[in-house]
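See below for the structure under consideration.
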Amino acid sequence: MTVENKVALVTGAGQGIGRGIALRLARDGFKLALVDLKEGPVLSVAAEIGALGGQATTFEADISDRTQVYAAIDHAEAQLGGFDVMVNNAGIAQVQPIAEVTPEEISRVMRINVEGTLWGIQAAAAKFIARGHKGKVINACSIAGHDGFAMLGAYSASKFAVRALTQAAAKEYASRGITVNAYCPGIVGTGMWDEIDGRFAELTGAPKGATFKKYVEGIALGRAETPDDVACLVSYLAGPDSDYVTGQAILIDGGIVYR
C-alpha cells in the first residue's frame with residue numbers, strides 16, 4: 001500500500017477506537033492530524049505516533065460546530081502539507097428508553113453524531129476539490145445503524161442517519177473521485193461501552209458488566225471487539241486497495257448483525 005506523504009485527519013482521536021485508528025494509519029505511513037474536544041488526550045497519541053517514527057499534529061475542536069471542523073482541516077493542510085483522508089470517528093452514545101428521551105438528549109446526539117459527520121463530509125470534500133485531487137471520507141457508523149436496538153433508540157436513529165449521509169454523499173461526490181464509506185463496529189471494549197453498560201445497569205438493575213457480557217456472548221467469533229479490529233478495516237478504506245468501494249457501511253462486529 002502506497003500512502004507516503006498522504007495526510008489523514010481523525011476526529012475523536014484521543015482514546016478508544018479513534019486512538020486505534022490513528023496509530024494504525026501512522027503505521028501505514030500516513031501523516032496524522034489528531035482532533036478531539038480537548039487537546040490533552042491527543043497530545044499523548046501524537047507522542048505515541050512520534051515514537052513510531054511518524055508525524056502528527058493536534059487540534060482542539062467541537063465537531064458539532066461547522067466552523068471548527070473546517071478550521072481543523074485547514075490546520076491539517078497547513079501543518080502537514082496536504083489533505084487526503086477524513087475519518088469522521090467522533091461520536092457519543094445515548095442509552096434511554098424511547099418514552100423518556102428528552103428534547104435536549106435527542107438534540108445532543110443528533111448534533112454530534114449526525115451534524116458532526118455532515119460537517120466533516122462537507123469540509124473534507126471542499127478541501128479535496130480545492131486541492132484538485134481525489135479523496136476519501138470514512139464515517140463512524142455502528143451495528144446500530146443497521147438494526148435498531150432497545151434502549152438505544154436515539155443513538156440507533158443517529159447511526160441510521162450516518163449511513164444515509166454516507167450513501168448520499170458517495171453518489172454526489174463520485175464524479176469528483178471522492179469515495180465515502182462507513183465502518184460499523186459492534187461491541188468494542190472501550191470507555192464508551194463502559195458508559196453504556198453502566199447506564200443499562202442504572203435503568204434495568206442489572207449488575208455492572210452484565211450487559212456487556214450478554215452482548216459479547218452473542219458474538220459469533222466469541223470475543224469482544226478491540227479498537228485494532230476496527231482500525232484494520234479503516235486502514236483498508238483509507239488506502240488504495242479500496243479505490244473502487246464507495247457508499248458502503250461495512251459491518252465489522254465479529255458476527256452479530258448479518259447483511
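The values are calculated or read from the model by the stated rules, or taken from the named source; none is laboratory data. Being a predicted model, the structure only gives us computed values, none of them experimental. Using ideal geometry, Cβ is built from the backbone for each residue, glycine included, and neighbour counts are taken over all protein chains shown.
From Thr179, Thr190, Thr246, which residue is surrounded by 16 or more Cβ atoms within 10 Å (Cβ to Cβ), in contact with a helix residue (DSSP H, G or I) (Cβ under 9 Å, 6 or more places away or on another chain), closer than 19 Å to His146 by Cα and polar (S, T, N, Q)?
So the residue among Thr179, Thr190, Thr246 that is surrounded by 16 or more Cβ atoms within 10 Å (Cβ to Cβ), in contact with a helix residue (DSSP H, G or I) (Cβ under 9 Å, 6 or more places away or on another chain), closer than 19 Å to His146 by Cα and polar (S, T, N, Q) is Thr246.
Mind telling me which of the residues Gly14, Gly40, Gly29 ends up being within 21 Å of Pro240 (Cα to Cα) and not basic (Lys, Arg)? Give the derivation first.
Working: Gly14 fails: within 21 Å of Pro240 (Cα to Cα); Gly40 fails: within 21 Å of Pro240 (Cα to Cα).
The conditions single out Gly29.
Would you be able to tell me the number of residues in region 136-166 that are surrounded by fewer than 22 Cβ atoms within 10 Å (Cβ to Cβ) and either on the phi > 0 side of the Ramachandran plot or of a type outside the set (A, V, I, L, M) (or both)?
Number of matching residues: 9.
If Glu225 satisfies all but one of (1) touching a helix residue (DSSP H, G or I) at 6+ places or on another chain (Cβ under 7 Å); (2) within 23 Å of Ala26 (Cβ to Cβ), what's the number of the condition it fails?
Unmet for Glu225, out of (1) touching a helix residue (DSSP H, G or I) at 6+ places or on another chain (Cβ under 7 Å); (2) within 23 Å of Ala26 (Cβ to Cβ): (1).
Would region 186-202 turn up any residue that is at pLDDT 95 or above, among the hydroxyl-bearing types (Ser, Thr, Tyr) and on the phi < 0 side of the Ramachandran plot?
Scanning region 186-202, I find no residue that is at pLDDT 95 or above, among the hydroxyl-bearing types (Ser, Thr, Tyr) and on the phi < 0 side of the Ramachandran plot, so the answer is no.
Among the numbered criteria (1) under 16 Å from the mean Cα position of the chain (by Cα); (2) farther than 26 Å from Glu202 by Cβ, which single criterion is violated by Phe83?
(1)
Out of region 1-32, which residues are closer than 17 Å to Ala61 by Cα and either in contact (Cβ under 8 Å) with a residue 40 or more places away in the chain or part of a strand (DSSP E or B) (or both)?
Across region 1-32, the qualifying residues are Ala8, Leu9, Val10, Thr11, Gly12, Ala13, Gln15, Gly18, Arg19, Leu32.
State the number of residues belonging to region 42-81 that are free of Cβ contacts under 8 Å to residues at least 60 places away in the same chain and either in a helix (DSSP H, G or I) or aromatic (Phe, Trp, Tyr) (or both).
21
Yes or no: region 90-100 includes at least one residue that is under 21 Å from Ala169 (Cβ atoms) and surrounded by 21 or more Cβ atoms within 10 Å (Cβ to Cβ).
yes
Could you check, for region 118-141, whether at least one of its residues is of a type outside the set (Lys, Arg), in contact with a Gly (Cβ under 6 Å, 6 or more places away or on another chain), in contact (Cβ under 8 Å) with a residue 12 or more places away in the chain and farther than 26 Å from Leu80 by Cβ?
Restricting attention to region 118-141, the residues satisfying the condition of being of a type outside the set (Lys, Arg) are 118-126, 128-130, 132-133, 135, 137-141.
When the remaining residues are screened for being in contact with a Gly (Cβ under 6 Å, 6 or more places away or on another chain), the result is 128, 140.
If we keep only those that are in contact (Cβ under 8 Å) with a residue 12 or more places away in the chain as well, we get 128, 140.
From what's left, farther than 26 Å from Leu80 by Cβ: none.
No, region 118-141 contains no residue that is of a type outside the set (Lys, Arg), in contact with a Gly (Cβ under 6 Å, 6 or more places away or on another chain), in contact (Cβ under 8 Å) with a residue 12 or more places away in the chain and farther than 26 Å from Leu80 by Cβ.
Are any residues in region 60-97 closer than 26 Å to Ala150 by Cβ and of a type in the set (A, V, I, L, M, F, W, C), and if so, which ones? Lay out the reasoning, then the answer.
Taking region 60-97 as the starting set, the residues that turn out to be closer than 26 Å to Ala150 by Cβ are 89-97.
Hits for region 60-97 are Ala90, Ile92, Ala93, Val95.
Has region 174-187 got at least one residue that is among the polar types (S, T, N, Q) and either farther than 24 Å from Val234 by Cα or free of Cβ contacts under 8 Å to residues at least 24 places away in the same chain (or both)? I'd like the intermediate steps shown before the answer.
The first filter runs over region 174-187 and keeps only residues among the polar types (S, T, N, Q), leaving 175, 179, 181.
Retained after the next criterion (residues that are either farther than 24 Å from Val234 by Cα or free of Cβ contacts under 8 Å to residues at least 24 places away in the same chain (or both)): 175.
Yes, some residue in region 174-187 is among the polar types (S, T, N, Q) and either farther than 24 Å from Val234 by Cα or free of Cβ contacts under 8 Å to residues at least 24 places away in the same chain (or both).
It is to be established whether one or more residues within region 226-241 are assigned to a loop (DSSP other than H, G, I, E, B), more than 29 Å from Ala123 (Cβ to Cβ) and out of contact with any strand residue (DSSP E or B) (no Cβ under 8 Å at 6 or more places or on another chain).
No; the residues of region 226-241 include none that is assigned to a loop (DSSP other than H, G, I, E, B), more than 29 Å from Ala123 (Cβ to Cβ) and out of contact with any strand residue (DSSP E or B) (no Cβ under 8 Å at 6 or more places or on another chain).
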